[in-house]
Amino acid sequence: MKVYLDNAATTPIDPLVFEAMIPVLKDGFGNPSSTHSHGRKVKSVIERARKNVARHLNCSPGEIFFTSGGTEADNMAIQSSVRDLGVKHIITSSIEHHAVGHTIDQLKREGLVEVTYVHLDEMGHVDLQHLDQILSISPKTLVSLMHANNEVGNLLSLERVSEICEKHGAVFHSDTVQTMAHYRFDMEVIDKVHFMACSAHKFHGPKGVGFLYVNSKVKINPLIHGGAQERNMRGGTENVYGIVGLSMAMDVALSDVNAHKEYITGLKLHMIERLNQSIPNVSYNADSEHLTRSLYTVLSVSLPPTDIASMLVFNMDIMGVACSGGSACTSGASTGSHVLQGIDAPEARPTIRFSFSRFNTKEEVDYAVDCLVELYS
Ligand SMILES: Cc1ncc(COP(=O)(O)O)c(C=O)c1O
């Protein structure tokens, strides 16, 4: 049996997305910047996709800038805030994705910003009181905090954080790569968020395409220079079929988002029950077990110490189960996971992250648990 339970890393493409991309790959070869009919045709395809994405987010099409994915979108938001919005101080957390963490590290190395790490509580959630406190003594600040953590699943309240940021006049960027098209966003409701990042391959779309939402209240300059694409904001011939795939992937995901959420939550719950029954002393990292304070697609399992800790994911793969692993260990050859270290996960306990999609079944979950039980016996 082959089971794919690594959907937080990437997802299989939805057949409807694939179908939508084929005609563009076959016939939509024009350069969107060309003024002849071939160019105009694909240019209108891009603008239709932009309008469609904006409709899903209830924002203006002018607030959507297509990128090569989540990493570029995060870089654009953070680097532009420093260069164009006068940001001299960044508040972030120790458990952000490297697309955010390493970008901020680089700006710090260049001497362009001071960085403060907000405290996390005992469940790995951002301490909002501490955020409020450090913001009150720091002008010209960018707050960059992810909506959901890709390793442990902890969710952040965008409403509450954006209100705190507005109170102190801070710019707020959220890496929403793990939540975009898994939850509904209404940008008229969360209108104090300034930047949000998206990556299509996290919701059954193609790789190499995403977007940055830029609230119309903030004005930034391009990060990538070249042609006049993306209204002069990002040079480079557009990834037309990718953009079409992204737009269709959003349609499919959001057409039935509540049903998908319910179904996937059922899979997660089923795995928790099966693991609790079959592996003594199993537990869950941060707030991963919680059904509303954690991403419904992610379960970060903390396993009892074992001699084969470093081989667990490899052995699961041999048995046909794709998942991902990690540890908080900082010794030896492996540097471990900065997220597990950030939440103070016990070093001796190996972690396996299972992440689900609507294409998974309970039988697959059962098989994955059976494999893990076999490795532990
Ligand atoms: C939270 C988060 N941010 C950013 C990224 C990077 O996205 P991309 O692969 O599109 O560059 C990922 C993907 O692993 C992610 O999980």
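Coordinate-derived values only; no laboratory data. A quick note: this is a predicted structure, and the numbers were derived from the prediction, not measured. Cβ sites come from the backbone with ideal geometry, for glycine too, and all protein chains shown count toward neighbours.
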- Message: I'd like to know which of Gly210, Val115, His98 lies farthest towards the positive end of the charge dipole of the chain, counting +1 on Cβ of Lys and Arg and -1 on Cβ of Asp and Glu.
- Response: Gly210
- Item | Highest-fluctuation residue, Val115, Val189, Val100 considered, GNM on the chain with Cα pairs under 10 Å | Val189
- Query: Ratio of region 258-338's C-alpha Rg to 2.2 N^0.38 Å, to two decimals?
  - Reply: 1.21
- Note on the structure: Taking Ile91, Ile308 and counting other beta carbon atoms within 10 angstrom, the fewest-first order is Ile308, Ile91
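Counting other C-beta atoms within 10 Å, and keeping those with at most 13, which DSSP coil chymotrypsin sites (Phe, Trp or Tyr not before Pro) do you find in region 1-88? If you can, show how the numbers build up before the last one.
Details: sites: Tyr4, Phe18, Phe29, Phe65, Phe66; in loops: Phe29.
Here the sparse-neighbourhood loop sites are Phe29.
Normalising by the residue count of the chain, find the relative contact order in percent from Cα pairs under 8 Å and 6+ residues apart. Before the final figure, lay out the partial values.
Numbers: 750 pairs, mean separation 83.9, N = 377.
RCO, the chain: 22 percent.
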- Task: For the chain, find the longest principal axis of its Cα atoms and tell me its angle to the long axis of helix 37-57, 0 to 90°, nearest 10.
- Result: 50
- Query: Could you give the distance between the Cα centres of region 72-96 and region 177-198, to the whole Å?
  - Reply: 17
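How would Thr179, Thr361 line up from fewest to most surrounding beta-carbon atoms within 10 angstrom? All intermediate terms of the calculation are to be shown ahead of the outcome.
Values: Thr179 23, Thr361 13.
By the 10 Å Cβ count, ascending: Thr361, Thr179.
Over all directions, what mean area does the Cα convex hull of region 15-255 project, stated in square nanometres? Don't jump to the answer; show the numbers that get you there.
Numbers: hull surface 50.6 nm².
For region 15-255, the mean projected area of the Cα convex hull comes to 12.6 nm².
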- Cα-Cα over 20 Å, subset of Lys41/Lys207; Lys140/Lys167; Lys108/Lys192; Lys140/Lys217; Lys43/Lys192: Lys41/Lys207; Lys108/Lys192; Lys43/Lys192
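To make sure I understand, if each residue's beta carbon is the centre and we count other beta carbons within 10 Å, what order do Val252, Val298 fall in, fewest to most?
Working: Val252 20, Val298 24.
Going from least to most buried by this count: Val252, Val298.
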- Task: Could you check which residue among Gly62, Gly242, Gly325 shows the biggest mean-square fluctuation in a GNM of the chain with a 10 Å Cα cutoff?
- Result: Gly62
- Hey, can you rank 158-171, 225-238 by average C-beta count inside 10 Å, highest first? 158-171, 225-238
- Taking a ≥ b ≥ c as the square roots of the Cα gyration tensor eigenvalues, with a/c under 1.5 meaning rounded and otherwise prolate when a/b beats b/c or oblate if not, region 1-115 comes out oblate
